[in-house]
Amino acid sequence: MLSVNPCLSIDDISHILKVTSVNIDALNPDYVGLIGEGRLNAAAAVEMAAGYNAITLNTNYSLSCGTSGGQIEINATGGTAPYTYEWSNGSTTSGLMDLAAGEYSVTVTDASGCSSDTTIVLESYSPTVYEADIDHVTCNGISNGAIDLTIVEGNPDFTYEWEHGMLTEDIENLSSGTYRVTITDGNGCKTFGSFNVMQPEELTAEITTVEFDEWNDIDLDLTVQGGTAPYNYTWNTGDDSEDLFDVSVGYYEATVVDYNGCQVVVDQIIEENPILSVESIEDMEINIYPNPTKDVATISWEDDQITMLTVLNANGQLIESKEVSFQKSYQTNHLRSGLYIIILTDLNYNTYTGKLIAE
């Protein structure tokens, strides 16, 4: 036995002799259990010894995730320690890390020069394949975005870890920004994703007064920017066009709604003598209190040349017109709830405006 395999230990020889012996209990029924392992079979023992590995190799390995991440660890027993390792990829350690899928062979040699070898075929797990459906923010500054992930292919038992702390597959109520996720499958393989949730530019609107001639024909030019076209327009006059033409003195309010339902409201007050140059109108503070009011509201001013006070509703309709020469205050009451425009006119027909809200 030693001539065909000099690496056998005493324990190896004892083991081989026992497992190759012939059971003869049937030939000696009166001695069952009394004659050890049976009759030695020298030929069988030598044959087994020739192919017997004195060094036993126990392997632990994990498959790779995609193109890398596999591991192999060899635990050698038997023979005479210490052991040396020679891998097919040139490594000389007992374990290999961060491996791609493939075939890896190792020869383990003990201190006596006896060796044993084995080959491990490392496969790779199927990568995780997903699709993402992104709902972008509809209106600038709000948080109604969402990301819906769908796993198309991969090993089950997935977990999700978003950079913002969420642990669910799908996330919602998102503001604009970048959202990154780590998807881990049941084998511990990780897949990464990064998604951009966008928002439209802020919806803004501006009304410009266009004065054409000495006849005081006035147009209101509404300019809209941002949001998502097309836009819908609603004026407090009932018009649904973008611009208004040949308007009279009064209060004008436009509500602009974009394709996503985002809304902005702008207003403009058209005063008397609209062609009067701006340089001829001095600044004057109009005090209106309480504002909003539920009953009586006091309107006061400092200019002693104010002669007329006019009150218009939000539609530009005349509510009240009073001569207020030699006065510096006036009280108005019994107004229905709504927005009112207060216009003061002086001796030179200069006008000054303020707003009053009745509740």
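Summary of values
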item	result
Alpha-carbon centroid distance for the pair the range 153-194 / the range 50-103, whole angstrom	34 Å
Ranked list, fewest to most other Cβ atoms within 10 Å of each Cβ, for 19, 264	19, 264
Gaussian network model of the chain, springs between alpha carbon atoms under 10 Å - residue of 225, 199, 331 with greatest fluctuation	331
Residue 150 versus residue 166: modelled label distance in nm, points set 7 Å from Cα along the beta carbon direction	1.8 nm
Antiparallel bridges, percent of DSSP beta bridges restricted to the chain (to nearest 5)	95 percent
Ranked 289, 352, criterion: other C-beta atoms within 10 Å, fewest first	289, 352
Estimated distance in nm for a label pair at residue 3 and residue 31, the labels positioned 7 Å out from Cα along Cα-to-Cβ	2.9 nm
Spin-label pair residue 355/residue 260, simplified geometry with 7 Å Cα→Cβ offset, distance in nm	2.6 nm
Qualifying lysines (Cα of each under 20 Å from Cα of residue 294; at least 8 residues distant if same chain)	355
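We did not get these values from a lab; they are worked out from the coordinates using the rules stated. This one's a predicted model, so the numbers in the text were calculated from it and none came from an experiment. Cβ: placed from backbone, ideal geometry, glycine included. Neighbour counts: every protein chain shown.
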